[in-house]
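Worksheet: the structure to be examined is printed underneath.
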Amino acid sequence: MLVFINFIAFLTVMGYAVYLFTNLVYSRILFIKLGKKSNLKEDTWKRVQEVLINVFGQRKLFKDKKSGLMHLVLFYTFFIIQVGLIELIIKGFIKGFEFPLGDEHKYFSLLQEWATFLMLLAVVYGFYRRYGEKVKRLQLKRDGKAAFVYIALGILTSSILLTLGFEKIMLEHEPNLAYAPFSGAIALLFSSIGSTAGTVLFYIFWWVHMITVFSFMVFVPQSKQAHELFAMFNIFFKKSGPVGKLRKIDFEDEEVEEYGVGKIESFTQRQLIDFYACAECGRCTNMCPASVTGKTLSPMQLIVKMRDHLTEKGAAITSRSPWMPSPIIGSSALSPGAAAQETASTLEMPNLIGDVITEEELWACTTCRNCEDQCPVGNEHVDKIIDLRRYLVMTEGSMPHEATRYFQNIERQSNPWGINRKERIKWREECDDLVVPTVNEVEEFDYLFWVGSMGSFDKRSQKIVQSFVKIMNAAGIRFAVLGNEERNSGDTARRMGNEFLFQQLCQENIVNFQALGVKKIVTIDPHAYNTFKHEYSEFGLEAEVYHHTELIWKWIQEGRIRPKKEVKESIAYHDSCYLGRYNNIFDIPRKILTSIPGVKILEIERNKEDAMCCGAGGGMMWIEETQGKRINVERVEQALQLSPTMIGSNCPYCLTMMSDGTKAKEVEEQVKTMDIAEIVEKSLFH
Amino acid sequence: MSKNVLVVAETKNGKLRNVSFEALTIAQSVADGGEVAAVLFGSGAAAYLEEISRYGAARLYVSDHEALSTYTAEAYTQALASLIQEVQADIILMGNTAIGKEVAPRVAARMGMGLISDCTSVETNEGNLVFTRPIYAGKAFEKKTFCKGKEFATLRPNNFEKVIKPAQTELVSFQPEIQDLRKIVKEIVKKTAGGVDLSEAKIIVSGGRGVKSAEGFQPLRELAEVLGGAVGASRGACDAEYCDYSLQIGQTGKVVTPDLYIACGISGAIQHLAGMSSSKIIVAINKDPEAPIFQVADYGIVGDLFEVVPMLTKEFKKALVTS
Amino acid sequence: MKILVLLKQTFDTEEKISLQNGKINEQGVEFIINPYDEYAVEEAMKLKEELGAEVTILTVGPSRTESALRTALAMGADKALMIEYNGSEADEYVISNLIAAAIRNQGFDLILGGYMAVDSGAGQIAIRVAEILGIPQIAAITKLSIVGRNATAERDVEGDLETIEVELPFLATAQQGLNEPRYPSLPGIMKAKKKPIEKVLADELEISNEERSVRTEILDQYLPPKKQAGQILTGEMDHQVSELVQLLRTKAKVI
C-alpha cells in the first residue's frame, strides 16, 4: 500500500514537472519562432562537426582552463548520473532494485559513485570560483539564480550518495567500500541507527533527490541553465561561412519598411536562439575592449537584456506565461521579467533600442569579435549590434554626428575626412625614386594595389605605403594603383550600419575591378582585405585578395626579397582583429619578423585569438570615445609591460592607435610604432 | 560725372568703426566732384561729428528718433531708405558688418536697387565703378558692376586704405518715419573672449599636447582674449585632460573655418587637420620643424610656444591699440 | 504652421575651383546643399517634430538642383518648389523678386534660410525676400524657440549674443552652431522619391519686366594667384613675432 501511494505521489510530481518543463520549453521555442526565418544552408556534416567539437569537445570552454575542467566534469557526469537516476527511481518502488547486470553491476555502481562525487566536487569548486575566488567575469550578474544552481546541484548529488548509503542500512547490506566508496562510507558511518531508521532516511533522501531533480528540471528553461537545452542547437544552427561576415540586405525589395533590427522579433530565429543559449559565463564581457575600459557596453548584458526582453515580449504576444509555477518564480526576485505578467500588452513594451539597449552601448562596439571568439555556446554578438546599428542609421537616420560626417564625406569625396577626391594620388609625389604606376599608365599588371584612404591621405600611413611599394619594386612585382579612381572599400560604412552606402561602394568597386580585369588585389588595410575577400564575393567579385603580409612572406620564401640588414629591436607584436580573429592570420606576420636578423618578438599577454582590439574598429576610429579609459591606451599599456623598443602592427588604423597611445603615455621617443612592411623595408635597404 | 555718395557709418563699443573711415575714403574717390555725406544712427551720434569731419564728409546726418536708439534692421532700413531719397544719393557705401549684412539687402530690396556685398576693392573703369569680391570662400574672385539704378555696396572691413582729409562737416538732423516694428531686442550679451563660441569664432587660438598642462593653456587664453577669439584644442590636449572636450577641433570634434587659426604645440595629425584646414589663414607655432602642421600653415614659427605666444600677445596688444 | 526653407545647391566645400571661358567650371563637381541652408532645413525639421508643421523647400536654379531638393525631402520636408532658371546672369535683385512672387500670399508663418551661400558669399537673397514680403528678419541665428505665435531667437553678432523676440510670421537665417543636420534615413530617401516637386519656369512667374531686369552684372571671374607655400619665419624671435603680426594685419588682413 505504501509503495502504491509512493508510486502515485511520484507520478504526480513527475507528471506536473514534465508538464511545466515542456510548457516552459515550448513557450521559449514559440518566442524564438517569432523571429524571421533564417536561411540554413545544408552543410549538415559541418554543423555536426561543430557540435562535436564545441559541445562534446567543450573546446571554447578551455580558454579558461580551470572553469573548463569544472564544466567538462559537470557535463559528462551529468549524462552518467542520468542513467543512475533511472535505477534510483525504481529503487523507490522495488526494494533493493538493481539493473540486471549480474556481477558486473559493481562496476556500474563504481562509475555512478565517482561520477556523483566528482560532480559534487565540481559544484563545490564552481561555488568557490564564484563566491570565494570571486572570478571577475562571474560577478557581472549577481542574482539568486546562480546561487540556486549550486545549492540544487549540491543537494542533488549529495542526496544520491545519502540515499544509496541509507539503502544499504535499510537492506542491512555490508557496504562494499571498493565499489561503493562514498555511499558505503555513509552506510558505515550511520550503521548503528538500525534498519528502520535507515528505511525512513532512505525514503526521505529519495524524495529530497526526486524533488530536487524535478525542481531543477523546471528551473532550467527559466534561467541561464537553459543553455543546457539550447546551446547545442545554437551551435548546430550557427551561421556558416567566414566568421563575422555580415548579412546582405536586399534593397530591391520595395516592401521593406524596416532596415536592420528595430524590434526583437526582427532578428532571425537563428539569432534568437543565441539568447537562450547564453550561460551568463561572462567570458565575452571579460575580453570586450569596451567593457574592459569602462564603457556601458557589455556583450553578456547585451544578450541577457535582449533575452529577457524577448521572453517578456514573447509572453505578451503569445499570451503564454514564461514563468512557472508563477506564484513561486513569477513573483520572486529570481525573475527579472516578472513584470511581464502584469503588462500583457505589446504596446507597453519597452523599445528594443533606447530602453532595452541604449545607443551608447551600440556605438561602443569595435566589432573586434573577441566576445564571439570566446563564447562557448557560439553566440554572435557583433552581427546583432550591427543589425541594431543598421536600424538606427538606415531606418531612423539617427547616429552620432561624427558618423553623419563620416558617411557624407565618404559619399562626396570617398574618404573619411572629406578631402578632395582628386588629391588621393598626391601621396605618390613623395615617391620620386619609386615605380608606382596607375592602372592607366601600364599595359598589364599582376596585382592591383589597393592603397586605401588611410594610405592615401594620412601622412603616417603613407609611409607604410611607401615601404610596401619599395618592397614590391625590390621584388620585381608588376602592380598598379587606381590613383584618383580609387574610392572607398565601404567596410567601415558597413560596420557602422550603413549597408546602403556599403553596397553602393561595393558595386561601383566591382564594376571598376571587372573593367580593369583585376585578378589579384593586395592591400595594407586588413579591413578592406576582409571585406574584399569574404564579403565582395556575394556581390560578384572574383579576384584573389591578399594582405601585404601574406605576399611579403611569400616573396621572402621565394627569395625575391632577403631581409638581411640587422634590425635590433624588441618588438611587441599587436595582432589586428581583421587579420587575426577574422582571418586567422597569426603566424605569417610572426614568421616575417622572425626572418629579420636582430628582431626579437615579444608576445603581449593577450595575443593571437585573444589579442585586444586597438579601439579603432567598427567605425570607432571616427567616433569620439568619451566614456571610460581609451582602448588604445589600455592596449599600449599591455604592450609596454614587456618593455619593448617597438610596437609592431599590420594595420594602418592599429598603427595610428598604437602611436597615439605611446604619445599618451609619453613614451613615443623610447617605443617606436611601425608596420611590418616598414620593418621589412628597414631590413632590406637601410 | 559727379555723384552724391552716402556713407553709412557705424560705431562699435562707443568708437567709430575703422571700416567707416575706409568707406569715407572710397567715397571721396568715387564721388567725382559730387557730395560725400555720412549718416550715423543711434543716440548721441552727433558726438562723432569731429571724427567724421577728418575724413572729408560734407554732412553728417543724425537722428534722435526713438526707434533708432537700439539697432534693429527694420528701423534702420526705413530710416536709411528715406534718407537715400532725401539726399538723392547715387552711391551708397557701408561696411559688410553684422549691421551691414542685415540692413543693406533690406534697403536694396525696399528701393529696388542692386547691391554688391562684401567688396574687397573698388576701381573705376571707363567711368563705371567696378567692384571686386571674393567668392567660394576666397578660392576665386569676381568683378561686378551696376547696370541699372543706384550703386550700393558693402565693404569688407580692413581691406581699404583710409586717408585723412579734413573737411567742414555740417551736422544735419533728420526725422524719418518709422513704423510697424514687430521685433524686440531683448538682450545683448557681450561675450568675453573665453566665451566666444568655437564654431562661430573668427579667430581661434588652439593648443595641442605641446601645451603640456592645463595651466599651459593660460597664455593661449590671453592671446585669444586680446584678439577677441576663442580657444580650441587638439584631441591630444583633450585626452591629456589639459582642457575640456568641448574645445576639441578635428574629425571627431568641431569643424571650424575661422579667418585666423593659430595652432600652438599641435603636430597636425590628419584627424586634426580635417577640422581646421579650411581656415583662411593658419599660423603654426611648434618646436618641431618636421611637424606636419607646417605643411598646411601659411606662416610658421619654429619655437617654444611658451616663449612665442606671450610675445605675440604683447605685440598684438601694442598693434591693436595704435590702430 | 507652414514653414518655408530657402535652399541653394552649392559646390562641396572641398571642391577645387577651376575656370572655363572666364567662368567657374561646374563640370565634374560634387554638389551639396549649401551648408548654412542645411542648418535651416534641419531647424525646420526640428520645429516640425516639436510643433507640427508643413515644410516646403524652395530653390532657384538649373535642373541639377533637383537632387538637393530630394535630399531635403529625404530629411523630412513635405514638398518642394523649384524655380527653374538656367542663366547665370540673374542677380540677387531678380532672384529675390522671383522667390517673393512664387510664395506671396501662401501664408508661410516662418521662412528659414542660410546665413549665406558658400559660393557667392553675398548673403542677400533671404533678407531681400523678408523685406519684399514686409516681414521682420533675424539673421545668423544660433538658437530658435517658438511658443504659440511668439518666437525667441539668439543670434550671433560678431561674437556677441543678441536675444530677439518676434511674432510670426518672420524670416530667420541660420548660422553654424544652430544644430547638427541629420543624415536622411533610407525610408526617408524612398519617400522623398514620391514627394511632389512643383516646377515653375522663372519666365512663367508673374513679375514685371522691371522686376526681371538685373541691377548688377558679373564682368569677370578669376582665380587668385596661387596660394604661396607656407612661410617659415626666420631670425630673432622678437623679430619673427613682430613680422608675423605685420603679415597678419597687412598681408593676410585677418586682424
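So, in the range A:185-199, exactly how many residues are touching a residue at least 24 places away in the same chain (Cβ under 8 Å) and surrounded by 15 or more Cβ atoms within 10 Å (Cβ to Cβ)?
4
Considering every residue within the range A:620-634, establish whether at least one is among the aromatic types (Phe, Trp, Tyr), part of a helix (DSSP H, G or I), under 20 Å from A:Ala528 (Cβ atoms) and not assigned by TED's automatic domain parsing to the domain that holds A:Tyr529.
Yes, the range A:620-634 contains a residue that is among the aromatic types (Phe, Trp, Tyr), part of a helix (DSSP H, G or I), under 20 Å from A:Ala528 (Cβ atoms) and not assigned by TED's automatic domain parsing to the domain that holds A:Tyr529.
With assigned to a loop (DSSP other than H, G, I, E, B) and without any contact (Cβ under 8 Å) to a residue 12 or more places away in the chain as the only criterion, which of A:Val243, A:Val261, A:Val256 stands out?
Every option except A:Val256 fails the conditions.
So that you can scan it fast, the table gives a plain yes or no per residue for (1) more than 22 Å from C:Leu205 (Cβ to Cβ); (2) acidic (Asp, Glu):
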site: C:Met45; (1), (2): yes, no
site: C:Ile57; (1), (2): no, no
site: C:Pro62; (1), (2): no, no
site: C:Ala68; (1), (2): no, no
site: C:Asp91; (1), (2): no, yes
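Yes/no matrix, rows are residues, columns are (1) more than 14 Å from every other protein chain (Cβ to nearest Cβ); (2) under 30 Å from B:Ile249 (Cβ atoms); (3) not in a helix (DSSP H, G or I):
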| site | (1), (2), (3) |
| --- | --- |
| A:Glu361 | yes, yes, no |
| A:Thr366 | yes, yes, yes |
| A:Cys371 | yes, no, no |
| A:Arg389 | no, yes, no |
| A:Arg412 | no, yes, no |
| A:Pro416 | no, yes, yes |
| A:Asp432 | yes, no, yes |
| A:Val442 | yes, no, yes |
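Does the range B:162-175 contain any residue that is in contact (Cβ under 8 Å) with a residue 12 or more places away in the chain, more than 7 Å from chain C (Cβ to nearest Cβ), under 30 Å from C:Ile141 (Cβ atoms) and buried (at least 17 other Cβ atoms within 10 Å of the Cβ)?
So far as the range B:162-175 goes, no, none of its residues is in contact (Cβ under 8 Å) with a residue 12 or more places away in the chain, more than 7 Å from chain C (Cβ to nearest Cβ), under 30 Å from C:Ile141 (Cβ atoms) and buried (at least 17 other Cβ atoms within 10 Å of the Cβ).
Those residues that are in a loop (DSSP other than H, G, I, E, B), without any contact (Cβ under 8 Å) to a residue 24 or more places away in the chain and farther than 21 Å from B:Gly216 by Cβ, I need them from the range B:273-288; list them, please.
Selection gives B:Ser277 alone.
Within the range B:252-262, is there a residue that is in contact (Cβ under 8 Å) with a residue 60 or more places away in the chain, in the same structural domain as B:Leu312 (by TED's automatic domain parsing) and among the aliphatic types (A, V, I, L, M)?
Looking for residues that are in contact (Cβ under 8 Å) with a residue 60 or more places away in the chain, in the same structural domain as B:Leu312 (by TED's automatic domain parsing) and among the aliphatic types (A, V, I, L, M), one finds none in the range B:252-262, hence no.
In the range C:86-123, what residues are farther than 17 Å from C:Tyr39 by Cα and at the interface with chain B (Cβ under 7 Å from one of its Cβ atoms)?
Passing the criteria: C:Asp91, C:Glu92, C:Tyr93, C:Ser96, C:Ser120, C:Ala122.
I'm trying to understand the selection: among the residues of the range C:232-255, which are more than 7 Å from chain B (Cβ to nearest Cβ) and either among the charged types (D, E, K, R) or part of a strand (DSSP E or B) (or both)?
C:Glu236, C:Glu243, C:Lys251, listed by residue number.
On the given criteria, is B:Gly268 within 9 Å of another protein chain (Cβ to nearest Cβ), of a type in the set (Gly, Ala, Ser), buried (at least 21 other Cβ atoms within 10 Å of the Cβ) and farther than 30 Å from B:Ala58 by Cβ?
So B:Gly268 passes the test.
Given the criteria under 32 Å from the mean Cα position of the chain (by Cα) and within 20 Å of A:Ala187 (Cβ to Cβ), does A:Ala147 qualify?
Against the criterion (under 32 Å from the mean Cα position of the chain (by Cα) and within 20 Å of A:Ala187 (Cβ to Cβ)), A:Ala147 does not qualify.
Report whether or not C:Arg182 is within 25 Å of the chain's Cα centre (by Cα), of a type in the set (D, E, K, R) and within 11 Å of chain B (Cβ to nearest Cβ).
no
Checking B:Val309 against (1) surrounded by fewer than 21 Cβ atoms within 10 Å (Cβ to Cβ); (2) part of a helix (DSSP H, G or I): exactly one of these is not met. Which one?
The number of the failed condition is (1).
What number of residues in the range C:65-121 are part of a loop (DSSP other than H, G, I, E, B) and among the polar types (S, T, N, Q)?
Counting residues in the range C:65-121 that are part of a loop (DSSP other than H, G, I, E, B) and among the polar types (S, T, N, Q) gives 5.
Which pairs have Cβ atoms under 6 Å, sit 6 or more apart or on different chains, and link a residue in the range A:507-524 that is within 11 Å of A:Gly540 (Cα to Cα) to one that is assigned to a loop (DSSP other than H, G, I, E, B) and basic (Lys, Arg)?
none
Find the residue count for the range C:136-164, including only residues that are touching a residue at least 12 places away in the same chain (Cβ under 8 Å), within 8 Å of another protein chain (Cβ to nearest Cβ) and either part of a loop (DSSP other than H, G, I, E, B) or polar (S, T, N, Q) (or both).
4
Of these, A:Phe236, A:Phe275, A:Phe251, which one is in a helix (DSSP H, G or I) and modelled with pLDDT under 95?
A:Phe236
Within the range C:206-231, can you find the residues that are more than 22 Å from the chain's Cα centre (by Cα) and part of a loop (DSSP other than H, G, I, E, B)?
Of everything in the range C:206-231, those that are more than 22 Å from the chain's Cα centre (by Cα) and part of a loop (DSSP other than H, G, I, E, B) turn out to be C:Glu206, C:Ile207, C:Ser208, C:Ser213, C:Leu223, C:Pro224, C:Pro225, C:Lys226, C:Lys227, C:Gln228, C:Ala229, C:Gly230.
Just checking, which of A:Asn488, A:Asn415 is more than 22 Å from A:Glu544 (Cα to Cα), surrounded by 20 or more Cβ atoms within 10 Å (Cβ to Cβ) and within 39 Å of the chain's Cα centre (by Cα)?
Among A:Asn488, A:Asn415, only A:Asn415 is more than 22 Å from A:Glu544 (Cα to Cα), surrounded by 20 or more Cβ atoms within 10 Å (Cβ to Cβ) and within 39 Å of the chain's Cα centre (by Cα).
Please determine, by comparing only the residues of the range B:69-83 that are more than 13 Å from B:Lys183 (Cα to Cα) and more than 10 Å from every other protein chain (Cβ to nearest Cβ), which one is surrounded by the fewest Cβ atoms within 10 Å (Cβ to Cβ).
The extreme case among them is B:Ser69.
Select the strands (runs of 3 or more DSSP E) contained entirely in the range B:105-211, then report the ones holding at least 2 residues which are in contact with a Phe, Trp or Tyr (Cβ under 9 Å, 6 or more places away or on another chain) and modelled with pLDDT of 90 or more.
Output list reads B:116-119, B:121-125, B:128-135, B:140-146, B:151-155, B:170-173, B:203-207.
Yes or no: C:Ala192 touching a strand residue (DSSP E or B) at 6+ places or on another chain (Cβ under 8 Å) and either touching a residue at least 12 places away in the same chain (Cβ under 8 Å) or within 14 Å of chain A (Cβ to nearest Cβ) (or both)?
So C:Ala192 fails the test.
For A:Gln507, are the conditions met, namely being buried (at least 18 other Cβ atoms within 10 Å of the Cβ) and more than 27 Å from the chain's Cα centre (by Cα)?
Taking the combined requirement at face value, the residue does not satisfy it.
Any residue at all in the range B:293-301 that is in contact (Cβ under 8 Å) with a residue 60 or more places away in the chain and more than 9 Å from every other protein chain (Cβ to nearest Cβ)?
Scanning the range B:293-301, I find no residue that is in contact (Cβ under 8 Å) with a residue 60 or more places away in the chain and more than 9 Å from every other protein chain (Cβ to nearest Cβ), so the answer is no.
May I ask you to list pairs of residues, at least six apart or on different chains, whose Cβ atoms are under 8 Å apart, with the first in the range C:201-220 being away from chain B (no Cβ under 12 Å) and the second being assigned to a strand (DSSP E or B) and of a type outside the set (Gly, Ala, Ser)?
These pairs meet every condition: C:Leu201/C:Ile83; C:Leu201/C:Glu84; C:Ala202/C:Val60; C:Ala202/C:Ile83; C:Ala202/C:Glu84; C:Leu205/C:Ile83.
Can you list the helices (runs of 4 or more DSSP H) found entirely within the range A:1-114 that contain at least 1 residues being within 22 Å of A:Cys375 (Cβ to Cβ) and at pLDDT 95 or above?
A:2-33, A:65-91
The values are calculated or read from the model by the stated rules, or taken from the named source; none is laboratory data. This one's a predicted model, so the numbers in the text were calculated from it and none came from an experiment. A quick note on method: Cβ atoms are made from the backbone with ideal geometry, for glycine too, and the neighbour counts reach across all protein chains shown.
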